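What follows is a single structure, written as structure tokens, with notes after it.
The values are calculated or read from the model by the stated rules, or taken from the named source; none is laboratory data. Owing to the predicted nature of the structure, the values given are computational and were not obtained by experimental measurement. Every residue, glycine among them, receives a Cβ derived from its backbone with ideal geometry; neighbour counts consider all protein chains shown. Just the protein is used for accessible areas: all its heavy atoms, side chains included, with ligands, DNA and RNA removed. Shrake-Rupley method; radii C 1.70, N 1.55, O 1.52, S 1.80 Å.
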Amino acid sequence: MLPSNQPKPKNNTEIAVEKLRGLIFSGELPAGSNHLETELAVRLGMSRTPVREAALMLEAQGLLEVRARKGVRILPVSVQDMEEIYDVLTALESMAAGQAANAGLDHSALAGLEAAIADMETALDQGNREDWAEADDRFHTELVRLSGNSRMIAIVALMADQVRRARAITLYLRPLPVKSNEDHRQVLDAISAGDAETARDIHKAHRDAAKSTLVALLKQNRLHML
């Protein structure tokens, strides 16, 4: 029996989800491409059952489409989808920022946000956009976690992959996200001060700006039509 502090081993479906997601994010399974389950199973070195189950899970997250007897189709990044997703994320994350501010969290409870911001700043200093994106993702995930709202956490997690994918393909097309780091720092300061209104307002403006930048890049580079 595993000690209670040991992570539970991943089953084959979870492993298949991670591998397929990685292939989609890297572009090795490009948008618009079609793949049979047998092909993907061979590629992943797995049986068809976990691959099929993983495909259904990724379909629910909007990354691909499962078609009867035709395998899967990797979906393009839809501008309309991103606009709708960002609208939902903006509302939920802004609410989370306000709830975190009202929770009276101490410095230790906010250490995750502080560490993510520090890592983002270091990444920008080093010109490492991939590390910046990973730290940015941690900030947003931790912000929602601090809301303490399990349903909010689940809803945001369901849409997170599509945001990560869109960000990945536009990461080197946008200016260095210096303003984004400044926004994160201001949100943390407002939460630390217990100022829920300011935390909500700054985070909403931050997400609105991110949405505008992302949608503009997708349209300008026709990435949504791949």
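Things worth noting here:
- Some residue of the stretch 40-56 being open to solvent by less than 70 Å² (accessible area, probe 1.4 Å), within 19 Å of the chain's Cα centre (by Cα) and more than 29 Å from Leu176 (Cα to Cα): yes
- Matching residues in the stretch 95-108 - criterion: being open to solvent by 10 Å² or more (accessible area, probe 1.4 Å) and either in contact with a His (Cβ under 9 Å, 6 or more places away or on another chain) or among the aliphatic types (A, V, I, L, M) (or both): Met95, Ala103, Leu105
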